[in-house]
1. Looking only at segment 23-46, which residues are touching a residue at least 24 places away in the same chain (Cβ under 8 Å), part of a helix (DSSP H, G or I) and in contact with a helix residue (DSSP H, G or I) (Cβ under 8 Å, 6 or more places away or on another chain)?
2. Do we find that Arg77 is touching a residue at least 40 places away in the same chain (Cβ under 8 Å) and either surrounded by 15 or more Cβ atoms within 10 Å (Cβ to Cβ) or of a type in the set (Ser, Thr, Tyr) (or both) in this structure?
3. Between residues in segment 80-94 that are surrounded by 12 or more Cβ atoms within 10 Å (Cβ to Cβ) and residues that are in a helix (DSSP H, G or I), which pairs lie under 6 Å by C-beta distance while being six or more apart or on different chains?
4. Consider Gln7 against the criteria (1) over 18 Å from Gly103 (Cα atoms); (2) without any contact (Cβ under 8 Å) to a residue 40 or more places away in the chain; (3) not in a loop (DSSP other than H, G, I, E, B): it satisfies all of them except one. Which criterion is unmet?
5. Looking at this structure, is Asn98 touching a residue at least 40 places away in the same chain (Cβ under 8 Å), in a loop (DSSP other than H, G, I, E, B), among the polar types (S, T, N, Q) and under 22 Å from Leu10 (Cα atoms)?
6. For segment 102-110, indicate whether the set of residues that are among the aliphatic types (A, V, I, L, M) and either buried (at least 16 other Cβ atoms within 10 Å of the Cβ) or modelled with pLDDT under 95 (or both) is non-empty.
7. Could you tell me how many of the residues in segment 48-73 are in a helix (DSSP H, G or I) and among the charged types (D, E, K, R)?
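The values are calculated or read from the model by the stated rules, or taken from the named source; none is laboratory data. Here the structure is a predicted model, which is why all the values come from computation and not from measurement. As a convention, Cβ positions derive from the backbone with ideal geometry for all residues, glycine included, and neighbour counts pool all protein chains shown.
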Amino acid sequence: MSSRMRQLLLEGLEDHLQLWWLLPDRDDVPNPEDRRRDVLQLVEEMLASGWFEAGFPKSNGREFDPWPSSAQEAVARIARDWDSLGREPNIGDIAWFNLTPIGEAEARKYAARA
């Protein structure tokens with residue numbers, strides 16, 4: 001497992017993750033198309049792992065409303081919405097990510113080691 005995935009698991013214990021937070025640093029990946037590609041690959045990895053689900057937080061901010069879609073469908077939806085947005089996602093745009101019960105168990109294993 002990559003260090004980035006471990007970091008996301010640990011962050012997921014604290015709060016829902018937003019799409020914009022997954023963007024690589026512009027100094028590391030300056031080209032917008034490369035940044036988009038990298039984020040979509042990361043999202044696919046996150047969702048395919050079964051540790052994360054895509055959707056939006058409910059109005060109470062604690063509960064989560066996941067999309068009823070496969071990893072591939074969610075990635076395609078995010079890509080379409082990103083194209084429609086016409087810019088890189090910002091706070092609250094397009095999608096959020098939440099740990100699944102399996103992801104939370106995996107994250108707690110890493111948190112215990114830290």
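1. Matches in segment 23-46: Arg36, Leu40, Leu42, Val43, Glu44, Glu45, Met46.
2. No.
3. Pro89/Leu19; Pro89/Trp20; Asn90/Trp20; Ile94/Leu19; Ile94/Ile78; Ile94/Asp81
4. (1)
5. no
6. Yes: one or more hits.
7. Going through segment 48-73 one residue at a time, the tally reaches 1.
Yes/no matrix, rows are residues, columns are (1) over 26 Å from Ser2 (Cβ atoms); (2) of a type outside the set (Phe, Trp, Tyr):
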residue	(1), (2)
Ala54	no, yes
Asp65	yes, yes
Val75	no, yes
Trp82	no, no
Gly86	yes, yes
Ile91	no, yes
